[in-house]
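Trainee: The structure follows.
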Amino acid sequence: MSRPKRMTKAVIVGHKSVLKRTIDSLHASNLLHIEDFIEDESGFKISKPFQNAEEVSKKLVKIRSIANYLGIERTTPAVQKTNAVLRELDAKLDKLDSDISEKIKIINKYETDLKNIEAQKKELLPFLSLNLDFDYYRGYENLKVFAGSVKENLEEGLISRVTQAYELFFDVNTKTVVLFVAKKDADKVAEVLQALEFKELRIPERGGVPSELLKETEQKEAEASRKIVSLKAEVESIRSQYTDFLLASDEVLSIENQKAELPLRIATSDNAFIIEGWVPSDKYDILINSVNDATSGRAYVTSIGIEEEEEHIPVEYNNSKSVAPMQEIMNLYSRPRYTEIDPSSIIFITFPLIYGMILGDIGYAIILGAMALAIKSLVKSDSVKPLMNILLYCQISTFIFGIIYGEFLGFPLASLHTEGETVAGLLPFWNTITLFPGISGEEFTFPVHRAHMVMTMIGVSVAVGLLHLNLGYILGFINISKHHGLKHAVLEKGSWMIIELGVLFAALGYFGVISGLTSVGVVILLLGIVMLTMGEGIKGPVELPSLMGNALSYARIIAVGLSSIYIASTINTIAFGMIWADHSKIGLVAIAAIIVFILGHALNTVLSIIAPGLHSLRLQYVEFFGKFYQGGGKKFNPFGYIRKYTEE
Amino acid sequence: MVDAGTVAVATQMIGDAGLKAIGAGIAITGTGLASGWAEKEIGSAAIGAMAENEALFGKGLILTVIPETIVIFGLVVALLIK
């Protein structure tokens, strides 16, 4: 159980002549979360960006657009010196820019050409089968030329019926028709053609025989394509040559840009500046020293007491390395507030615990654990690692519960021996031991045979739920008593625990476990309700049924677990049924059975991440956090940059 | 009209156990449909909100899964019937 890192409010004041040096040292230390200055009556104004800001942003835009065009990927960094990068930046960038833009221009030109060639080719194709020189199609005074395609076969008889003066070219395969007729008969011929759904084709403007023209066009096309390919290869070589430069200069310029634009976020007068911000209290001294060193003591750093509303204070987690992955789960919901308890270290235990209770299978724990380890070592991404760590924590818990449940890929490992029945297990030497009677005639055994003691397991799940909920109430109690005092804490959170106690006593008395406790229980219950009403108003009693809803919601632990067992055992039944169906020969059926087994369990493995994960997450978010957690803290985002490709 | 003989046969076929199974089935079906319906409405609204602001994923997830408790109630009832 921890709280977010303690913060100190730091104020840095100095003469404008040391502003640049102050900013440089703040950026290098990467410790101060700067509060943006909002102009008010005080007479201070935000300042202008440094002179180089415009130039830096221009270059940055250029670099990013080139990097974007080249598709630069973030590779394993080859660290370069900042000074070296800056020295070469202008010359290299100009050269790169001119090289690239020249090539892009030519590539674009060829691509346009290619499109035109494509269109020309399309025009030629219908005329290919007739192969008439295009010059023959035009330039007549008394002839009309119909060139186009029809839907059906064009019989010569159809034309000869309306005119004698004609010359017909028709290709049966493509149904292309070219028809020369006397102008005076054109209307009648047009009617005939119309009946055959004649569609006019555009005649290319160039002269020449279609087949020769096509050959020519294809040559041009190949030429253009070849040029594009060779140009792209050149671009590719530029890309590999300049990748390091682009990544490094992007980083260097981003840093310059951050620094140059900082004056927009701080208060300045004609001659002085004030920078306000938050620094982790344990690093405050480092900050003072670095600013003093950089400015030879000419900038004054001081801390001021926290008096304003605490929600402005940025929140930095304060967890050990093993708990840190859980912060991802917290961020998904909402970062804790500065004054709240940060529950990361609690869900570090409860999230995997409930996940394990749901899944509880040695086989799946081994598969998923190996998967998590493999992905963790293969994928270097910073966002994947914490998720794999969480998955790994969950599998440790799943493995432990797998032993408690005695399950392996849906098979029961131990054979079940209860009074009523005997069910064979996978391991002949392992038998269940009956520990004590469970709910509704079931027997509680070790290993816990979940499928045979559903009611008992519902009871256990709800009991775990009640523990979890009460942990939430206790945390809420701590939060409220710190903030609003003990009285409020007792009325708002303590009352719920008193109500639970009352219900418990009343139930014990009612079922005759301890006689005479019913009335005591009812009195306690009423007391709790009165306290709750005092604490939360009428809203409190209205929410009473939600306590039952929340507790019962934990029944999903066994419900989702059972569904996973049933899917697994169904796969096993089908697969082994297939193998045992045909003892005499091991053939296709056996292979099919193995495929069913592998695919089925692969599916269930995927489901085993999603279902228990989401349900466990939900129990944390809805049931547990609902009891104490507010969230909504602001992220601690210090002024600085984590360098990857460059160093000072 | 169903004659008395058919009724007798039917009653024999659907014994106590059968009726219990049907009852359990209804409990699961009804609550399952109800949760699904409610989650559909909330889920689509949550996706809409997420499109505006990705940080709402956590809240959206929570709101979407709240009605799931309904089907858990159904499950408990179904098991109690057994």
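The values are calculated or read from the model by the stated rules, or taken from the named source; none is laboratory data. Predicted model only: the values in this text are computed from it and were never measured. Don't worry about glycine lacking a Cβ; one is built from the backbone with ideal geometry, like all the others, and counts go over all protein chains shown.
Trainee: How about the range B:51-66: which of its residues are farther than 19 Å from A:GLY613 by Cβ, modelled with pLDDT of 85 or more and within 13 Å of chain A (Cβ to nearest Cβ)?
Mentor: The first filter runs over the range B:51-66 and keeps only residues farther than 19 Å from A:GLY613 by Cβ, leaving B:51-56.
Within this subset, residues satisfying the condition of being modelled with pLDDT of 85 or more are B:51-53.
Across the range B:51-66, the qualifying residue is only B:ASN53.
Trainee: Given the options A:ILE306, A:ILE349, A:ILE313, A:ILE341, name the one that is under 28 Å from A:ILE558 (Cα atoms) and either aliphatic (A, V, I, L, M) or within 14 Å of chain B (Cβ to nearest Cβ) (or both).
Mentor: A:ILE349
Trainee: Being under 27 Å from the mean Cα position of the chain (by Cα), of a type in the set (Val, Ile, Thr) and under 21 Å from A:ASP285 (Cα atoms) is the filter here, so list the residues in the range A:297-349 that pass it.
Mentor: Within the range A:297-349, A:VAL315 is the sole residue that qualifies.
Trainee: Scan the range A:515-534 and report the pairs whose first residue is at positive phi and whose second residue is not polar (S, T, N, Q), with Cβ atoms within less than 8 Å and a gap of 6+ or a chain change.
Mentor: A:GLY516/A:GLY509
Trainee: Tell me, which residue of the range A:1-58 that is small (Gly, Ala, Ser) and in a loop (DSSP other than H, G, I, E, B) is nearest to A:SER254 (Cα to Cα)?
Mentor: A:SER47
Trainee: I've got another one for you. Can you tell which of A:ILE306, A:ILE255 is assigned to a helix (DSSP H, G or I) and among the β-branched types (Val, Ile, Thr)?
Mentor: Just a single option satisfies the conditions, and that option is A:ILE255.
Trainee: Continuing with this model, one more query. Conditions first: (1) of a type outside the set (Val, Ile, Thr); (2) within 28 Å of A:GLU328 (Cα to Cα); (3) touching a Ser or Thr at 6+ places or on another chain (Cβ under 7 Å); (4) touching a residue at least 12 places away in the same chain (Cβ under 8 Å). B:LEU61 passes all but one, so which condition is the exception?
Mentor: Among (1) of a type outside the set (Val, Ile, Thr); (2) within 28 Å of A:GLU328 (Cα to Cα); (3) touching a Ser or Thr at 6+ places or on another chain (Cβ under 7 Å); (4) touching a residue at least 12 places away in the same chain (Cβ under 8 Å), the lone unmet condition for B:LEU61 is (3).
Trainee: Being in a strand (DSSP E or B) and free of Cβ contacts under 8 Å to residues at least 24 places away in the same chain is the filter here; which residues of the range A:420-453 pass it? Break it down stepwise before answering.
Mentor: Keep residues of the range A:420-453 that are in a strand (DSSP E or B), which gives A:422-423, A:431, A:433-437, A:443-446.
Once the filter is applied, which keeps residues that are in a strand (DSSP E or B) and free of Cβ contacts under 8 Å to residues at least 24 places away in the same chain, the range A:420-453 yields A:THR422, A:ASN431, A:ILE433, A:THR434, A:LEU435, A:PHE436, A:PRO437, A:PHE444.
Trainee: Hey, any hits in the range A:357-371 for a residue that's in contact (Cβ under 8 Å) with a residue 40 or more places away in the chain, in contact with a helix residue (DSSP H, G or I) (Cβ under 8 Å, 6 or more places away or on another chain) and within 14 Å of chain B (Cβ to nearest Cβ)?
Mentor: Yes, some residue in the range A:357-371 is in contact (Cβ under 8 Å) with a residue 40 or more places away in the chain, in contact with a helix residue (DSSP H, G or I) (Cβ under 8 Å, 6 or more places away or on another chain) and within 14 Å of chain B (Cβ to nearest Cβ).
Trainee: With (1) within 25 Å of A:ALA324 (Cα to Cα); (2) surrounded by fewer than 16 Cβ atoms within 10 Å (Cβ to Cβ); (3) in contact with a Leu (Cβ under 6 Å, 6 or more places away or on another chain) as the list, and A:SER397 as the residue in question, which single condition is left unmet?
Mentor: Every condition holds for A:SER397 apart from (2).
Trainee: Then there's this: Only one of A:ALA507, A:ALA551, A:ALA489, A:ALA559 is part of a helix (DSSP H, G or I), within 30 Å of A:ALA414 (Cα to Cα) and not polar (S, T, N, Q). Can you tell me which? Break it down stepwise before answering.
Mentor: Numbers: A:ALA507 fails: within 30 Å of A:ALA414 (Cα to Cα); A:ALA551 fails: within 30 Å of A:ALA414 (Cα to Cα); A:ALA489 fails: within 30 Å of A:ALA414 (Cα to Cα).
Step by step, each of A:ALA507, A:ALA551, A:ALA489, A:ALA559 is checked, and only A:ALA559 is part of a helix (DSSP H, G or I), within 30 Å of A:ALA414 (Cα to Cα) and not polar (S, T, N, Q).
Trainee: For the range A:535-556, what are the residues that are within 10 Å of chain B (Cβ to nearest Cβ) and surrounded by 18 or more Cβ atoms within 10 Å (Cβ to Cβ)?
Mentor: Listed by number, the residues that qualify are A:ASN550, A:LEU552, A:SER553, A:TYR554, A:ALA555, A:ARG556.
Trainee: Now for a different question. Can you run down the residue pairs with Cβ atoms below 9 Å, 6 or more apart or on separate chains, where the first is in the range B:8-21 and farther than 15 Å from B:ILE81 by Cβ and the partner is modelled with pLDDT under 75 and of a type in the set (A, V, I, L, M)?
Mentor: Every condition considered, the pairs that remain are B:ALA10/B:VAL2.
Trainee: What about A:ASN83, is it loosely packed, with under 11 Cβ neighbours inside 10 Å, part of a helix (DSSP H, G or I) and not small (Gly, Ala, Ser)?
Mentor: In short, no.
Trainee: What number of residues within the range A:452-462 are within 36 Å of the chain's Cα centre (by Cα) and either among the polar types (S, T, N, Q) or more than 12 Å from every other protein chain (Cβ to nearest Cβ) (or both)?
Mentor: Number satisfying all stated conditions: 2.
Trainee: Check the range A:222-229 and report whether any residue there is free of Cβ contacts under 8 Å to residues at least 24 places away in the same chain and of a type in the set (Ser, Thr, Tyr).
Mentor: no
Trainee: Turning to a different aspect of this structure: State whether the residues of the range A:228-244 include one that is more than 32 Å from the chain's Cα centre (by Cα), among the acidic types (Asp, Glu) and surrounded by 16 or more Cβ atoms within 10 Å (Cβ to Cβ).
Mentor: Within the range A:228-244, not a single residue is more than 32 Å from the chain's Cα centre (by Cα), among the acidic types (Asp, Glu) and surrounded by 16 or more Cβ atoms within 10 Å (Cβ to Cβ).
Trainee: Now a separate question. Restricting attention to the range A:402-419, which residues are in a helix (DSSP H, G or I) and of a type in the set (A, V, I, L, M)?
Mentor: Of everything in the range A:402-419, those that are in a helix (DSSP H, G or I) and of a type in the set (A, V, I, L, M) turn out to be A:ILE403, A:ILE404.
Trainee: Take the residues in the range A:316-338 that are within 14 Å of chain B (Cβ to nearest Cβ) and outside any helix (DSSP H, G or I); name whichever of them is modelled with the lowest pLDDT.
Mentor: Once the filter is applied, the top-ranked residue is A:SER334.
Trainee: Please state which one of A:LEU124, A:LEU154, A:LEU96, A:LEU132 is in a loop (DSSP other than H, G, I, E, B) and crowded, with 17+ Cβ neighbours inside 10 Å.
Mentor: A:LEU154
Trainee: Looking at the range A:398-428 only, could you name the residues that are within 21 Å of A:LEU607 (Cβ to Cβ) and among the acidic types (Asp, Glu)?
Mentor: Across the range A:398-428, the qualifying residue is only A:GLU407.
Trainee: I'd like to check something: does the range B:6-23 contain any residue that is under 25 Å from the mean Cα position of the chain (by Cα), assigned to a helix (DSSP H, G or I), closer than 19 Å to A:TYR621 by Cα and away from chain A (no Cβ under 14 Å)? Break it down stepwise before answering.
Mentor: Residues of the range B:6-23 under 25 Å from the mean Cα position of the chain (by Cα): B:14-23.
Cutting the leftovers down to assigned to a helix (DSSP H, G or I) gives us B:16-23.
Cutting the leftovers down to closer than 19 Å to A:TYR621 by Cα gives us none.
The answer is no; no qualifying residue exists.
Results for (1) loosely packed, with under 15 Cβ neighbours inside 10 Å; (2) more than 30 Å from A:GLY465 (Cα to Cα); (3) more than 14 Å from chain B (Cβ to nearest Cβ); (4) touching a residue at least 60 places away in the same chain (Cβ under 8 Å), shown as yes or no for each residue.
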{"site": "A:ALA592", "(1), (2), (3), (4)": "yes, yes, yes, no"}
{"site": "A:GLY600", "(1), (2), (3), (4)": "no, yes, yes, no"}
{"site": "A:ILE610", "(1), (2), (3), (4)": "yes, no, no, no"}
{"site": "A:TYR629", "(1), (2), (3), (4)": "no, no, no, yes"}
{"site": "A:ARG643", "(1), (2), (3), (4)": "no, yes, yes, yes"}
{"site": "A:GLU647", "(1), (2), (3), (4)": "yes, yes, yes, yes"}
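Trainee: From A:THR445, A:THR518, A:THR456, which residue is touching a Phe, Trp or Tyr at 6+ places or on another chain (Cβ under 7 Å) and crowded, with 19+ Cβ neighbours inside 10 Å?
Mentor: Details: A:THR445 fails: touching a Phe, Trp or Tyr at 6+ places or on another chain (Cβ under 7 Å); A:THR518 fails: crowded, with 19+ Cβ neighbours inside 10 Å.
From the options A:THR445, A:THR518, A:THR456, the qualifying one is A:THR456.
Trainee: Mind counting the residues in the range A:260-307 that are more than 16 Å from A:LEU32 (Cα to Cα) and among the hydroxyl-bearing types (Ser, Thr, Tyr)?
Mentor: Qualifying residue count, the range A:260-307: 4.
Trainee: Go through the residues of the range A:463-482 one by one and say whether even a single one is within 14 Å of chain B (Cβ to nearest Cβ), touching a strand residue (DSSP E or B) at 6+ places or on another chain (Cβ under 7 Å) and either at pLDDT 90 or above or closer than 30 Å to A:GLY410 by Cα (or both).
Mentor: no
Trainee: Could you please find all residues in the range A:63-80 being surrounded by fewer than 17 Cβ atoms within 10 Å (Cβ to Cβ) and part of a helix (DSSP H, G or I)? Steps first, please.
Mentor: Narrowing the range A:63-80 to residues surrounded by fewer than 17 Cβ atoms within 10 Å (Cβ to Cβ): A:64-65, A:68-69, A:71, A:73-79.
The answer is A:ARG64, A:SER65, A:ASN68, A:TYR69.
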